[in-house]
Structure formats: C-alpha cells, structure tokens
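Asks: Please see the structure below; I have some questions.
The values are calculated or read from the model by the stated rules, or taken from the named source; none is laboratory data. Here the structure is a predicted model, which means the values were calculated and not measured. When we count neighbours, we look across all protein chains shown, and the Cβ atoms used for this are built from the backbone with ideal geometry, even at glycine.
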Amino acid sequence: MSKLHQLITIETKNINGGLIPTVNARDLHAFLEVGKDFTTWIKDRINQYGFVENQDYIIVENLSSPKSGSAKSRQRLMKDYYISIDMAKELSMVERNEKGKQARQYFIECERRILQPQTLLPTTKELALMVVRAEEDKEKLLLENKNLTTEIDSLKNLFQVGMSPVQFCKQLNGVNINQVNLFLESRHFLYDAEKDISKAHVWRVHSYARDKYLTESPFIMTNDYGQRQCYKIVLLKKGASWLYNQYLKSKLPMKKEWNGEFTHDKYSQVA
C-alpha cells in the first residue's frame with residue numbers, strides 16, 4: 001500500500017462471492033501480542049462475538065513452512081483464517097491495549113484509501129455513452145423515484161426512533177411477528193447468545209449489521225431465577241427501510257390468514 005507503512009498485510013480474498021480486502025488472522029494475532037495461542041484465541045473470539053464463516057471470514061488450509069536449520073521439522077497442514085477488515089477492526093478494539101488501538105487505526109486508514117474514489121476523467125466516448133444511457137434510463141428513474149417517494153412517506157408514518165424490529169413489523173398487515181427475530185437470524189442480522197436451548201433467546205446484533213441496520217441496548221432482566229444480562233434490539237432507519245422492502249417483496253414471515261394485501265394502518269389512514 002503506497003505511502004502507508006504496512007503494519008499488517010492486506011490480501012484480497014473471495015468471501016461470499018465477492019472480492020474483499022482481508023487480513024490473515026495469524027498476522028493480526030502476532031501483531032497484537034496476544035497471550036493465548038492462536039487457535040484458542042480465534043475460536044474464542046468467533047464464538048464470543050458471533051462472527052460468521054463465509055461472511056466475516058473464510059478458512060484456508062495451508063502447509064506450514066519447516067523451521068530453518070531443524071532436521072526434524074517438517075511441513076504440516078494448518079488452518080489460516082482470512083478475516084474481513086470490519087472483523088479485524090473489532091478484534092483489535094476488544095484487546096483494549098495500545099497495539100489494538102494502533103491496529104484499528106491502521107485498518108480504518110486502509111479502508112479509507114481503498115474506498116477513495118479515483119480521479120481519472122472519462123473519455124469523449126465514455127461521456128457520449130453516459131448521455132445515451134441517461135436518456136434510456138430516464139423513464140425508469142422517474143418510476144424508481146416515485147416508488148422511493150412512496151416508501152419514504154410510508155416510513156415517516158411507520159418508523160420511530162428506539163423501536164424494535166418486532167414493534168415495526170406489528171404495523172405491517174399480515175406479518176407473523178413471532179417469527180421476525182428468527183427471520184433476522186436467518187439473514188445473519190441477529191444471533192442467539194444463549195447457548196442453553198432450554199432458555200429463552202438472548203438476541204445480539206451481528207457485526208455485519210451493527211450500527212448500520214440495527215443496534216442493541218443492554219439491560220438486566222430480573223425474574224424468579226435471578227438476574228440475567230439481556231439486550232434490547234433497536235431498529236435503525238436503514239434497517240426499517242430494508243425490512244419494509246422485504247415486506248413488499250413477500251420475503252417476511254407471514255401469518256397463515258394473511259389476506260395478501262400490503263397495507264399498514266397508519267399509512268392507510270394518512271393516505
């Protein structure tokens with residue numbers, strides 16, 4: 001990476017069908033100077049924070065290099081974890097030390113440079129093609145803008161700051177609200193932090209969706225069995241827009257008696 005001292009190597013890998021910048025978790029582990037051995041550390045962090053394979057990271061099996069000068073040393077198969085920049089930032093942050101802070105700032109700067117737009121000017125041919133495409137897409141864009149206006153008007157009446165996904169979906173005609181969190185779990189927006197299947201779910205927000213579509217607010221629940229750490233799942237505006245689009249595409253879990261109409265009480269009253 002030009003003009004940026006490379007603390008940790010960034011490599012492009014294919015994760016979930018897309019080429020994204022990644023970090024070898026072994027390199028990050030070494031840089032952070034973690035006390036635990038690598039395998040224990042990475043597995044603990046994955047379980048603790050709900051990272052998802054083929055979304056936040058991939059596992060690649062490689063042959064280790066034999067130690068130089070050792071006659072007994074030989075190659076062996078080992079697993080390398082290639083993790084997304086977002087996952088690397090979170091792993092750095094939770095170490096809560098100077099090395100973690102340094103690594104996190106490094107990854108933020110790497111992201112900034114990767115996403116920095118190029119300043120190359122289009123050629124005359126490219127400009128002409130852009131004009132033609134703009135004319136061809138004019139009608140399509142007008143229709144999309146009309147649909148977007150309808151969606152925005154709907155969300156103004158539906159979305160309120162601080163509401164949960166379930167509260168939002170209660171306003172949508174026909175949605176089975178008992179299945180909403182399970183639906184979000186299937187889309188890797190939420191995960192169940194409660195390992196005991198006999199106990200109620202403790203929903204947490206995946207790193208992929210955190211502070212983008214959803215956030216969470218911790219609270220202590222007290223019942224006959226004592227106190228328990230729980231989290232309120234809070235819907236953000238972008239998450240509300242995503243849910244509403246899933247609703248219009250018939251992808252949300254619906255009640256058996258749903259009449260097939262996409263309506264909601266508040267919006268129909270205003271309209």
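Asks: State all residues of the range 64-115 that are modelled with pLDDT of 90 or more and more than 20 Å from residue 45 (Cβ to Cβ); if no residue qualifies, say none.
Replies: none
Asks: So, of the residues in the range 1-30 that are charged (D, E, K, R) and at pLDDT 90 or above, which turns out to be surrounded by the fewest Cβ atoms within 10 Å (Cβ to Cβ)? Steps first, answer last, please.
Replies: The initial filter retains those residues of the range 1-30 that are charged (D, E, K, R), namely 3, 11, 13, 26-27.
When the remaining residues are screened for being at pLDDT 90 or above, the result is 11, 13, 26-27.
Details: 11: 10, 13: 17, 26: 17, 27: 16.
My answer is 11.
Asks: So how many residues does the range 15-38 have that are at negative phi and touching a residue at least 24 places away in the same chain (Cβ under 8 Å)?
Replies: If we filter the range 15-38 for residues that are at negative phi, which is where we start, we get 15, 18-32, 34-38.
Then drop every residue that is not touching a residue at least 24 places away in the same chain (Cβ under 8 Å), which leaves 15, 20-26, 28, 31-32, 34.
Result for the range 15-38: 12.
Asks: For residue 240, indicate whether it is among the small types (Gly, Ala, Ser), touching a strand residue (DSSP E or B) at 6+ places or on another chain (Cβ under 8 Å) and not assigned by TED's automatic domain parsing to the domain that holds residue 89. Spell out the reasoning first.
Replies: Details: among the small types (Gly, Ala, Ser): yes; touching a strand residue (DSSP E or B) at 6+ places or on another chain (Cβ under 8 Å): no; not assigned by TED's automatic domain parsing to the domain that holds residue 89: yes.
No, not satisfied.
Asks: Here's something else I'd like to know. Surrounded by fewer than 16 Cβ atoms within 10 Å (Cβ to Cβ), farther than 30 Å from residue 216 by Cβ, out of contact with any helix residue (DSSP H, G or I) (no Cβ under 6 Å at 6 or more places or on another chain) and at pLDDT 90 or above: does that describe residue 40? Step through it out loud before you land on a result.
Replies: Numbers: surrounded by fewer than 16 Cβ atoms within 10 Å (Cβ to Cβ): yes; farther than 30 Å from residue 216 by Cβ: no; out of contact with any helix residue (DSSP H, G or I) (no Cβ under 6 Å at 6 or more places or on another chain): yes; at pLDDT 90 or above: yes.
Answer is no for this residue.
Asks: Pairs needed: first member in the range 101-120, hydrophobic (A, V, I, L, M, F, W, C); second member anywhere, at pLDDT below 75; C-beta distance under 7 Å; at least 6 residues apart or different chains.
Replies: What qualifies is 110/1.
Asks: When you check residue 235 against the structure, is it touching a helix residue (DSSP H, G or I) at 6+ places or on another chain (Cβ under 6 Å) and at pLDDT 85 or above, yes or no? Lay out the reasoning, then the answer.
Replies: Numbers: touching a helix residue (DSSP H, G or I) at 6+ places or on another chain (Cβ under 6 Å): yes; at pLDDT 85 or above: yes.
Against the criterion (touching a helix residue (DSSP H, G or I) at 6+ places or on another chain (Cβ under 6 Å) and at pLDDT 85 or above), residue 235 qualifies.
Asks: Picking from 247, 225, 191, which residue would you name as being at pLDDT below 95, aromatic (Phe, Trp, Tyr), crowded, with 16+ Cβ neighbours inside 10 Å and out of contact with any Leu (no Cβ under 8 Å at 6 or more places or on another chain)?
Replies: Details: 247 fails: out of contact with any Leu (no Cβ under 8 Å at 6 or more places or on another chain); 225 fails: crowded, with 16+ Cβ neighbours inside 10 Å.
Going through 247, 225, 191 in turn, the sole match is 191.
Asks: Next question, about the same structure. Could you check the range 156-169 and list, in sequence order, the residues that are at pLDDT 90 or above and either not assigned by TED's automatic domain parsing to the domain that holds residue 256 or not β-branched (Val, Ile, Thr) (or both)?
Replies: 162, 163, 164, 165, 167, 168, 169 - these are the residues of the range 156-169 that are at pLDDT 90 or above and either not assigned by TED's automatic domain parsing to the domain that holds residue 256 or not β-branched (Val, Ile, Thr) (or both).
Asks: Would you check if there is a residue in the range 208-216 being hydroxyl-bearing (Ser, Thr, Tyr), loosely packed, with under 12 Cβ neighbours inside 10 Å and touching a Lys or Arg at 6+ places or on another chain (Cβ under 7 Å)?
Replies: no
Asks: Of the residues 182, 129, 172, which is touching a Phe, Trp or Tyr at 6+ places or on another chain (Cβ under 6 Å), surrounded by 11 or more Cβ atoms within 10 Å (Cβ to Cβ) and either part of a helix (DSSP H, G or I) or at pLDDT 80 or above (or both)? Working first, answer last.
Replies: Numbers: 182 fails: touching a Phe, Trp or Tyr at 6+ places or on another chain (Cβ under 6 Å); 129 fails: touching a Phe, Trp or Tyr at 6+ places or on another chain (Cβ under 6 Å).
Of 182, 129, 172, the one residue that is touching a Phe, Trp or Tyr at 6+ places or on another chain (Cβ under 6 Å), surrounded by 11 or more Cβ atoms within 10 Å (Cβ to Cβ) and either part of a helix (DSSP H, G or I) or at pLDDT 80 or above (or both) is 172.
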